[in-house]
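The values are calculated or read from the model by the stated rules, or taken from the named source; none is laboratory data. Note that the structure is a prediction, hence the values are computed from the model and not measured. Glycine also receives a Cβ, built like all others from the backbone with ideal geometry; neighbour counts cover every protein chain displayed.
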Amino acid sequence: MDMTDARWRTATRSSNNGGNCVEVADNLPGRVLVRDSKDRDGGTLTFAPLSWRSFVKQLRQG
């Protein structure tokens, strides 16, 4: 999978937990990429945008 155009961002609350967080790239058409911020070469998960939004919504609701 070509990820050269991925623009990665780190969670805004990552500094609250010692940097243990994920990075998300949601600028690519039709997919959202997620990786471990401490192991950027360790693998990437791919989600459909609607699935990712649903997941984040559930997290925010508790």
>> So MET3 ticks every box in (1) at pLDDT 90 or above; (2) outside any strand (DSSP E or B) but one. Which box is left unticked?
In response: (1)
>> Restricting to region 12-29, name every residue that is exposed (fewer than 14 other Cβ atoms within 10 Å of the Cβ) and modelled with pLDDT under 90.
In response: THR12, ARG13, SER15, ASN16, ASN17, GLY18, GLY19, ASN20
>> What pairs come out if I take residues in region 47-62 that are over 15 Å from ARG31 (Cα atoms) and pair them with residues that are assigned to a helix (DSSP H, G or I) whose C-beta lies under 6 Å away, six or more apart or interchain?
In response: none
